Amino acid sequence: MKSPGRPSTRREIDFPEDESMRISHEAIYQSLYVESRGGLKRELVACLRTGRALRVPRARSRNKPGGHVTKDVVISQRPAEAADRAVPGHWEGDLIIGLNRSAIGTLVERTTRYTMLVHLPRAEGYGTIPPSKNGPALGGYGAVAMKDALATTMATMPDQLRRSLTWDRGKELSAHAQLTVETGLPVYFAGPHSPWQRATNENTYWCSLGGLGFFDGRGSAGSSGDSENTCRKAFR
């Protein structure tokens with residue numbers, strides 16, 4: 001028995017001009033499990049790479065809480081108004097790390113695509129104090145530093161433009177609960193390995209920041225200068 005992904009790909013090769021011959025591997029999986037009333041026989045389970053007798057829909061498995069992401073802050077709990085982009089004030093954010101571990105944060109408003117850069121300067125002692133497990137995060141993008149930088153940046157926005165922030169599962173935003181307390185900005189987390197759930201931010205980075213030479217010649221993510229100069233450099 002082959003993995004469903006192989007015949008799915010093979011049909012595109014054998015029938016390149018016939019779109020009616022397309023089928024996703026997920027559809028093949030679902031067909032196998034439906035015919036078996038939700039579970040597979042033991043001999044079939046042994047043929048699958050996952051070895052699972054029951055099939056869990058991918059969307060459901062990706063939307064599970066874990067670590068600093070609790071069930072009340074997964075993306076499915078985000079207000080529905082954020083999805084249609086009709087109401088401004090819903091943001092998407094990300095952390096960009098350059099060479100030499102320099103970093104900067106990005107915030108993109110979903111309706112207007114208005115973009116702000118979050119300055120993340122390295123803490124005093126970086127490069128001289130040896131790193132240690134559970135020691136202070138001196139790189140500038142530890143949980144506390146990220147929370148403080150986001151709070152400072154979002155404080156420049158009026159209350160009606162602080163409706164929500166969607167982030168990935170990075171631990172740099174593990175202090176999200178305190179950020180919400182300090183700013184009134186609810187934080188929600190996309191599913192693991194699901195960049196399309198923050199597509200506005202992803203597209204802004206690849207199409208604008210990266211294309212306009214955001215990283216300097218040394219590969220640093222705007223590490224020199226203050227945040228105003230960093231913004232000017234990124235959007236020159």
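Remark: Glu92 matches the filter, which requires a residue to be over 13 Å from Tyr141 (Cβ atoms), charged (D, E, K, R) and buried (at least 19 other Cβ atoms within 10 Å of the Cβ). Exactly one residue out of Thr166, Thr112, Thr153 is on the phi < 0 side of the Ramachandran plot and open to solvent by 50 Å² or more (accessible area, probe 1.4 Å): that is Thr112.
Based on what the data block shows, is Leu120 touching a helix residue (DSSP H, G or I) at 6+ places or on another chain (Cβ under 8 Å) and open to solvent by less than 40 Å² (accessible area, probe 1.4 Å)? Criteria met by Leu120.
Looking at the structure I just gave you, is Gly98 buried (at least 16 other Cβ atoms within 10 Å of the Cβ), within 21 Å of Thr156 (Cβ to Cβ) and either among the small types (Gly, Ala, Ser) or out of contact with any helix residue (DSSP H, G or I) (no Cβ under 7 Å at 6 or more places or on another chain) (or both)?
Values: buried (at least 16 other Cβ atoms within 10 Å of the Cβ): yes; within 21 Å of Thr156 (Cβ to Cβ): no; either among the small types (Gly, Ala, Ser) or out of contact with any helix residue (DSSP H, G or I) (no Cβ under 7 Å at 6 or more places or on another chain) (or both): yes.
So Gly98 does not fit the description; no.
For Glu202, the conditions (1) within 29 Å of Val87 (Cα to Cα); (2) open to solvent by 60 Å² or more (accessible area, probe 1.4 Å); (3) modelled with pLDDT of 55 or more; (4) part of a helix (DSSP H, G or I) all hold with the exception of (2).
Taken over segment 133-150, residues that are open to solvent by less than 20 Å² (accessible area, probe 1.4 Å) and assigned to a loop (DSSP other than H, G, I, E, B) amount to 3.
The values are calculated or read from the model by the stated rules, or taken from the named source; none is laboratory data. Given the structure is predicted, the values throughout are model-derived calculations rather than measurements. No Cβ is skipped: glycine too gets one built from the backbone with ideal geometry, and neighbour counts run over all protein chains shown. Surface areas here come from the heavy atoms of the whole protein model, side chains and all, with no ligands, DNA or RNA. Shrake-Rupley method; radii C 1.70, N 1.55, O 1.52, S 1.80 Å.
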